[in-house]
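Chemist: Please find one structure pasted underneath; my questions will follow.
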Amino acid sequence: MITDPPTDDDEVQPQPSRPLLEARNVEKGFGDGRILTGLDLTVEEGELLTLMGPNGVGKSVLLSCLAGSTDPDSGSIELFDGQSPTEARSATSVMLQGQSIDPDLTGRENLQFYGDIHPRATGDWRSIADQLELTDDLDRPAREYSGGMERKLELTIALAVDADCYLLDEPTAELDLSMIQVVHDLLLEYRGDGKTILVTSHAPLDAGIADRIAFVRGGRTVATGEPSALLEALPPVVRVRGDMPPESAFLGGRLFQRGDEIRGFLSPSAGLETIENAVEREREHVTVDRDPPSYTDLFNYYTYVSPIDADGPSTVADESDRSDGERTERLEQ
Ligand SMILES: Nc1ncnc2c1ncn2[C@@H]1O[C@H](COP(=O)(O)OP(=O)(O)OP(=O)(O)O)[C@@H](O)[C@H]1O
């Protein structure tokens with residue numbers, strides 16, 4: 001068969017991104033505590049977005065609102081060009097931590113229950129449970145499951161639906177490193193099939209699979225972007241080994257310990273030499289250098305260091321209340 005030579009028109013043009021989920025100015029509180037304080041978030045069709053933030057910042061509360069399980073106090077949430085979260089349910093699959101499993105049923109019975117109620121449930125749970133090494137435990141009552149096994153069952157329930165959009169609350173929580181890799185591979189496979197995925201996480205490890213990352217702090221989204229762009233935009237990261245550097249040379253006066261090194265973000269008012277002069281350089285094992293930023297640095301910056309609006313909620317720790325010792329965070333990747 002003879003085909004025409006390719007023309008410019010035949011070239012695959014990049015598709016303009018199209019929002020599949022849009023949350024605008026979402027507010028949510030419980031009693032006097034304000035958790036979400038005007039949060040904006042857009043998830044583009046076909047992307048894998050990782051929503052990151054520290055414990056208790058409101059990631060699960062937001063996911064509940066996006067899934068239609070909880071109503072926001074104010075603001076708007078639309079999926080699929082104008083549908084409310086409730087209207088979008090048949091095209092969405094949701095994993096909410098600790099909320100879907102009936103402990104009195106076995107894992108298999110839980111899967112059957114959800115298979116019966118979701119209009120787009122599939123038999124894919126068999127292969128997903130296999131990949132997550134859950135198959136041998138499916139006939140045990142779910143009340144006997146460990147935390148990691150519960151997460152695996154919840155994820156199997158959610159991924160066994162042929163949805164257009166997956167909203168997954170910390171799918172890698174409580175999993176060991178090899179299992180996190182399996183989950184990442186599964187998510188990337190779904191993403192490769194054109195599915196739209198929103199994952200919440202406080203583990204820097206989950207940043208690497210994202211098309212975009214959104215950071216939540218003080219009830220709002222404080223930064224959104226592609227991982228590489230966010231890493232590039234970070235202030236210089238300084239690594240000190242062998243001595244305690246002066247906090248004043250670092251943004252926010254914050255130091256982070258990782259293994260045997262102290263890391264932080266260089267303050268513009270201080271140069272590398274400020275730190276070099278302050279540490280005991282004559283000691284051979286003391287080193288001060290700039291280091292390429294890691295995802296842990298990215299997480300630390302947007303969680304503890306980046307500026308936040310003065311009218312942010314009280315959930316943000318007041319730095320002046322902390323002792324010097326508490327300013328050195330120990331966060332492992
Ligand atoms: N039903 C509720 N009633 C009262 N407070 C609640 C309720 N649900 C959540 N909260 C509070 O809202 C805040 C945010 O909780 P949320 O579970 O969304 O945090 P998170 O970012 O998902 O944290 P983690 O990473 O630890 O899972 C917490 O202070 C929590 O105690």
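The values are calculated or read from the model by the stated rules, or taken from the named source; none is laboratory data. The shown structure was predicted, so the numbers you read here are calculated from the model rather than taken from an experiment. A quick note on method: Cβ atoms are made from the backbone with ideal geometry, for glycine too, and the neighbour counts reach across all protein chains shown.
Chemist: Is there a residue being assigned to a strand (DSSP E or B), within 23 Å of Leu66 (Cα to Cα), modelled with pLDDT under 95 and in the same structural domain as Leu41 (by TED's automatic domain parsing) anywhere in segment 107-126?
Modeler: There is at least one residue in segment 107-126 that is assigned to a strand (DSSP E or B), within 23 Å of Leu66 (Cα to Cα), modelled with pLDDT under 95 and in the same structural domain as Leu41 (by TED's automatic domain parsing).
Chemist: Would you mind finding the one in Pro235, Pro293 that is assigned to a loop (DSSP other than H, G, I, E, B), crowded, with 19+ Cβ neighbours inside 10 Å and at pLDDT 90 or above?
Modeler: None of the others qualify; the one that does is Pro293.
Chemist: While we're on this one: Would you point out which residue out of Thr122, Thr135, Thr106 is surrounded by fewer than 16 Cβ atoms within 10 Å (Cβ to Cβ), more than 25 Å from the chain's Cα centre (by Cα) and of a type in the set (Val, Ile, Thr)?
Modeler: That would be Thr122, the only listed residue that is surrounded by fewer than 16 Cβ atoms within 10 Å (Cβ to Cβ), more than 25 Å from the chain's Cα centre (by Cα) and of a type in the set (Val, Ile, Thr).
Chemist: Filter segment 66-86 for residues that are within 16 Å of the ligand (Cβ to nearest atom) and among the acidic types (Asp, Glu) and give the result.
Modeler: Result: Asp71, Asp73.
Chemist: Take residues that are among the charged types (D, E, K, R), within 13 Å of the ligand (Cβ to nearest atom) and more than 19 Å from Arg89 (Cα to Cα) and tell me which of the strands (runs of 3 or more DSSP E) falling wholly in segment 16-65 contain 3 or more.
Modeler: none
Chemist: Report, by residue number, each residue of segment 21-35 that is in contact with a helix residue (DSSP H, G or I) (Cβ under 6 Å, 6 or more places away or on another chain) and touching a residue at least 60 places away in the same chain (Cβ under 8 Å).
Modeler: Correct list: Ile35 only.
Condition check ((1) under 27 Å from Tyr145 (Cβ atoms); (2) free of Cβ contacts under 8 Å to residues at least 40 places away in the same chain; (3) of a type in the set (Asp, Glu)) across all residues:
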| site | (1), (2), (3) |
| --- | --- |
| Thr70 | yes, no, no |
| Ser93 | yes, no, no |
| Gly98 | yes, no, no |
| Asp102 | yes, no, yes |
| Leu105 | yes, yes, no |
| Phe113 | yes, yes, no |
| Asp116 | yes, yes, yes |
